[in-house]
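The values are calculated or read from the model by the stated rules, or taken from the named source; none is laboratory data. Here the structure is a predicted model, which is why all the values come from computation and not from measurement. Don't worry about glycine lacking a Cβ; one is built from the backbone with ideal geometry, like all the others, and counts go over all protein chains shown. Ligands, DNA and RNA are excluded from the accessible area calculation, which covers all protein heavy atoms including side chains. Shrake-Rupley method; radii C 1.70, N 1.55, O 1.52, S 1.80 Å.
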Amino acid sequence: MKLRIVLGVIVVAAVVYCSLPYYARQALIHWMPVIDDLETFHRHTVRHDPDRVWNWPLSADYNRCQLPEPDVHYLDSLHTVAFLVIRHDSLLFETYRDGWNDTLTSNIYSATKTIVGMLAGIALDEGKIQSLDDPVSRYIPSYRKGMQADVTIRHLLTMSGGMAWDEAYSSLFSVTTHGYYGNDLYKLVTGLEVCDRPGVQYSYRSGETQLLAFVIEAATGKTLSQYAEEKLWKPMQAERDAYWLLDKQDGDEKAFCCFHTTARDVARFARLMLHRGNWNGRQLVSQAYMDEMMRPASWLKDQWGKDSLNYYGYQTWIMHYHDQVNPYMRGMLGQYIIAIPSQDAIVVRLGRKRCDLYDREITTDITRYMDMAMRILQD
């Protein structure tokens, strides 16, 4: 009798599993996202140029600072794998933990969005995007159902496009789960309705970054990986190849989440922010666009619909830390790549977990990492 019950449960479970959509089945297999998911998905390689590598020089004070025990414990409590502090273009402090090293690539999750924002600026600089106020439908003609027709590139850059996207990571059937584990990103994001009036209120929606990526591809005639390799990765003289995860074999890049690189190489994006788009004398992104990208979209209401927005620009976060205003990149498991203009410094933290306690728009762990970095910089 017990055997029959067990067999019956197995049969029912198998039927239910097989009836689920593809993305939900994948989500059940892999469950929650992890930073070392490179082999889980198909990918494009974003190649570096081995003949033109620029390595971070080591500061004369490299790793002279010793973290106090409470800081060490805090890093380990959130499964930090890399913590770097760079000053004046030199590595000042570098630690790898939990079996990590400077050659391993991590998914940087939503920090990827800032890369997409930079690529949009390059396409604008090159005239391939004619104006940030162009409607999306100029590049994706089918995107004109209802209020879709009112959405502009600037709306996508500032997360004010009004897309019906639920930013839920723990629900099996959320659109975010569909985007991450599914195999039909283009159909998904171009088919979603616009439910809020565009250009009024900021609301964090990964689907809007994904749609922005499709605009860039339509404007340039290149895949996101090809454009990033040509315009950013090789010109920034990366040490190693990076990888961009896809929704299927030879499919579309997951632009909202899934760039894979090392801690040292991801710091290059913060260096580009510090130098307002210039890399060793070559202007990769115009100063005008970089300045706008790193400035809050203050004409929008914030996520609570009250104040003018002061913490988000063009796919880029802006942190107010004491008297500093720091542009930074941010990923869901505590991937932080922070430019500190007042110190000519960069902080990189990669890890497997973040603190879930928020202080308004930021998780409190980023403040702790900033405190650590400032002690290192002032040591």
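Scanning segment 42-83 for residues that are farther than 26 Å from M236 by Cα, open to solvent by less than 50 Å² (accessible area, probe 1.4 Å) and part of a loop (DSSP other than H, G, I, E, B) yields C65, L67, L78. As a summary of the residue check, V325 satisfies the conditions (1) assigned to a strand (DSSP E or B); (2) of a type outside the set (S, T, N, Q); (3) touching a residue at least 60 places away in the same chain (Cβ under 8 Å) except for the one numbered (3). Here V175 meets the list (1) open to solvent by 10 Å² or more (accessible area, probe 1.4 Å); (2) within 24 Å of A297 (Cα to Cα); (3) out of contact with any strand residue (DSSP E or B) (no Cβ under 9 Å at 6 or more places or on another chain); (4) not small (G, A, S) almost entirely, failing just condition (2).
Selection over segment 178-216 of residues that are open to solvent by 10 Å² or more (accessible area, probe 1.4 Å), of a type in the set (F, W, Y) and in a loop (DSSP other than H, G, I, E, B) gives a count of 1. Determine if segment 126-139 includes at least one residue that is under 30 Å from D61 (Cβ atoms) and not β-branched (V, I, T). Checked against the condition, which is being under 30 Å from D61 (Cβ atoms) and not β-branched (V, I, T), segment 126-139 yields no hits at all.
Restricting attention to segment 344-373, the residues that are touching a residue at least 24 places away in the same chain (Cβ under 8 Å) and part of a helix (DSSP H, G or I) total 8. Of the residues making up segment 350-375, those that are open to solvent by less than 10 Å² (accessible area, probe 1.4 Å) and β-branched (V, I, T) are T363, I366. Can you say whether D71 is touching a helix residue (DSSP H, G or I) at 6+ places or on another chain (Cβ under 7 Å), over 25 Å from R240 (Cα atoms) and modelled with pLDDT of 95 or more, as far as the supplied structure shows? So D71 passes the test.
Filtered by the rule that a residue be open to solvent by less than 50 Å² (accessible area, probe 1.4 Å), part of a loop (DSSP other than H, G, I, E, B) and under 30 Å from K353 (Cβ atoms), segment 96-154 gives R97, W100, D102, T105, I108.
Of the set (1) of a type in the set (G, A, S); (2) touching a strand residue (DSSP E or B) at 6+ places or on another chain (Cβ under 9 Å); (3) part of a helix (DSSP H, G or I), all apply to A339 but (3). Here F214, F256 are screened, and the one residue that is at pLDDT 95 or above, of a type outside the set (S, T, N, Q) and either under 22 Å from D36 (Cα atoms) or touching a Cys at 6+ places or on another chain (Cβ under 8 Å) (or both) is F256.
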